[in-house]
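Notes to accompany the following structure.
Nothing in this text is a laboratory measurement; each read-out follows from the coordinates by a stated rule. Being a predicted model, the structure only gives us computed values, none of them experimental. Glycine gets a Cβ as well: all are built from the backbone with ideal geometry, and neighbour counts include every protein chain shown.
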Amino acid sequence: MTTTLEADPKAKVMDVVKKVTTIATLPEVTAQIIKTVEDPRSSAQQLHKIVSHDPALVTRILKVVNSAFYGLPGQIGSVERAIVLLGLNGVKNIAVAASLGQLFRGARLCDGFSAKDLWTHCIAVAVAARDLARNMKLNIADEAFLAGMIHDVGILLSLQVYPEKLSEVCQSAKSGGADFCELERRIIGLDHQQLGMGLAEHWKFPRACQLVAGYHHQPQTLADQGRHLVMLVHVADTICCQSKHGFNLTAINQSFNDERLNEMRLDPMVVAVTKGRLDELVSDASALLA
C-alpha cells in the first residue's frame with residue numbers, strides 16, 4: 001500500500017508530532033538541562049541544582065563518567081566533580097541519552113530489527129561523529145555526539161504513528177536497490193528526516209542538530225555554512241551502516257570516496273581510522289546503551 005505526498009509536508013509533520021504523546025515531550029529534567037546548557041549565562045552550579053533532583057540521572061551520570069567511554073583517571077564519586085570534568089554539554093548528552101534510551105524499547109521495526117537495534121545504531125553514529133570531530137581537531141565533539149544520537153529520531157515517530165507502513169518500508173529496503181527515504185515518502189508520505197527535524201525543533205535542540213536530523217542523507221542540499229556538522233554525521237551514519245552496527249537500512253546504499261570526502265572537507269585518512277576502531281568505540285559506549 002502506498003501513500004501520496006501531502007501538499008503541505010510541514011503541516012503533516014507537526015500533526016504527527018502532536019499525535020505522539022508518548023515521546024513528543026522530553027522528561028522535564030532533560031528539557032530543563034537542554035535549556036540551561038543552551039543559555040550562555042548558565043553555570044555548573046545551576047546545572048547541578050537541576051540534576052540533583054533526579055537520583056536516577058545522578059546514578060547514570062556517575063556510571064557513564066566512570067566508564068571506558070570517558071577514560072578518566074580515578075573514580076569520580078560526586079556529581080559536582082562529574083559536571084566539572086564533563087562540562088555542561090557532556091552532562092547534557094548523558095541526560096539526553098538516558099531519556100532517549102527509554103524510548104527505544106520493546107517495539108519491532110520489521111523482521112530482524114527492533115527499536116533497540118535503532119538505538120544501538122544511533123549511539124554508534126554518535127561516537128563515530130565525536131571521534132571524527134576530535135581527530136580532525138574540530139571544536140564540536142560534544143555537538144557531534146548529540147547530533148549523531150538524535151539523527152534518526154524521526155523513525156520513532158513513524159514507529160508510533162505508522163508501524164505497519166514503516167515495516168513495509170523496511171521490508172522493501174531489505175530487498176535492495178531502493179533508497180530508504182524515497183520508500184518512506186512513497187509509502188508513508190514523509191521521510192524520517194522531515195519527522196526528525198520537526199521533533200528536534202519541538203524538543204528545542206540546537207539549530208545545528210535540527211539540521212542534522214533533517215538533512216543527514218542529503219547534506220549537499222544545505223548552504224555551505226550550515227552543513228559541516230551534517231556532513232560529519234552523514235559520514236558517521238554511512239560507516240556505521242556499512243559496519244552493521246544496529247539498524248542499518250537507512251544508509252545501506254550510501255557511499256563516498258576520497259574525492260567526495262575532500263569535497264566535504266573531511267580527511268579520508270581520519271575517516272578510515274574511525275571506521276577501523278568503530279567496534280572499540282561502540283564497546284566503550286556500552287554504559288550509554290544500558
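Structure data summary
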| read-out | value |
| --- | --- |
| 22 Å Cα-Cα threshold exceeded, pairs from LYS204/LYS275; LYS19/LYS204; LYS63/LYS204; LYS49/LYS92 | LYS204/LYS275; LYS63/LYS204 |
| Estimated FRET transfer efficiency when R0 is 51 angstrom, pair SER283-ALA11 (beta carbons, to 0.05) | 0.75 |
| Pair ALA178, ARG260: separation of 7 Å Cα→Cβ label points (nm) | 2.2 nm |
| Neighbour-count order for PHE180, PHE256, fewest beta carbons within 10 angstrom listed first | PHE256, PHE180 |
| Separation in nanometres of the label points that stand 7 Å from Cα toward Cβ, at LEU72 and LEU138 | 2.6 nm |
| Amide proton proximity set for SER114, modelled H, under 5 Å, gap of 5+ | LEU109 |
| Cα convex hull of the chain, projected area averaged across orientations, nm² | 14.8 nm² |
| Potential lengthening between LYS35 and LYS18 on full extension [0.36 nm per residue; Cα-Cα distance subtracted] | 4.0 nm |
| Given charges at beta-carbon only (K, R positive; D, E negative), |dipole| of the chain in Debye | 600 debye |
| In Hz, Karplus ³J(HN,Hα) per residue of region 122-134 (6.51, -1.76, 1.60; θ = phi - 60°; x = Gly, Pro) | 4, 5, 4, 5, 4, 6, 5, 5, 4, 5, 4, 4, 5 |
| FRET efficiency, LYS244 to GLN220 (Cβ-Cβ, R0 30 Å, nearest 0.05) | 0.75 |
| Separation of the SER42 and ARG105 label points, Cα + 7 Å toward Cβ, nm | 2.5 nm |
| As computed over region 28-160, the Cα convex hull volume per residue (Å³) | 122 Å³ |
| Hz values of 3J(HN,Hα) by residue in region 22-33 - Karplus curve (6.51, -1.76, 1.60), Gly and Pro given as x | 6, 10, 5, 10, 6, x, 4, 5, 5, 4, 5, 5 |
| Lone cysteines, the chain (no partner Cβ under 4.7 Å) | CYS122, CYS181, CYS209, CYS240, CYS241 |
| Hz values of 3J(HN,Hα) by residue in region 271-276 - Karplus curve (6.51, -1.76, 1.60), Gly and Pro given as x | 4, 4, 5, 4, 4, x |
| Selected from GLY196, THR274, LEU57, residue furthest toward positive end of dipole (the chain; charges at beta carbon) | LEU57 |
| Sorted by Cβ density within 10 Å, fewest first, the residues TYR162, TYR70 | TYR70, TYR162 |
| Value of Rg/Rh across region 162-223 [Cα atoms, Kirkwood radius] | 1.03 |
